[in-house]
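I have placed the structure first, in the form of structure tokens, so that the comments after it can refer back to it.
The values are calculated or read from the model by the stated rules, or taken from the named source; none is laboratory data. As the structure is a prediction and not an experimental result, all values here were calculated from the model. Virtual Cβ from ideal backbone geometry, glycine too; neighbours counted across all protein chains shown.
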Amino acid sequence: MSKDTLYHFIRQCVEEKKITLDYVKTEDQLADILTKSLGRQKFMEMRWQMGD
């Protein structure tokens, strides 16, 4: 599935209220623990939020 096709599919799902999208502030993005170099404090906070 191409990016364009996926984009339009998701957009249609949102319009039809099949899914909802929620805003998450940058500092609360849990995926950052897997993709960015974080300081010890931020790493520990995110690790706890993920269930450790």
Identify all residues within the range 9-38 that are at pLDDT below 90, within 14 Å of the chain's Cα centre (by Cα) and not polar (S, T, N, Q); write none if there are none. E27, D28, L30, A31, D32, I33, L34, K36
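Yes/no matrix, rows are residues, columns are (1) surrounded by 10 or more Cβ atoms within 10 Å (Cβ to Cβ); (2) without any contact (Cβ under 8 Å) to a residue 60 or more places away in the chain; (3) of a type in the set (V, I, T); (4) assigned to a helix (DSSP H, G or I):
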{"site": "C13", "(1), (2), (3), (4)": "yes, yes, no, yes"}
{"site": "L21", "(1), (2), (3), (4)": "no, yes, no, no"}
{"site": "E27", "(1), (2), (3), (4)": "no, yes, no, yes"}
{"site": "I33", "(1), (2), (3), (4)": "yes, yes, yes, yes"}
{"site": "G51", "(1), (2), (3), (4)": "no, yes, no, no"}
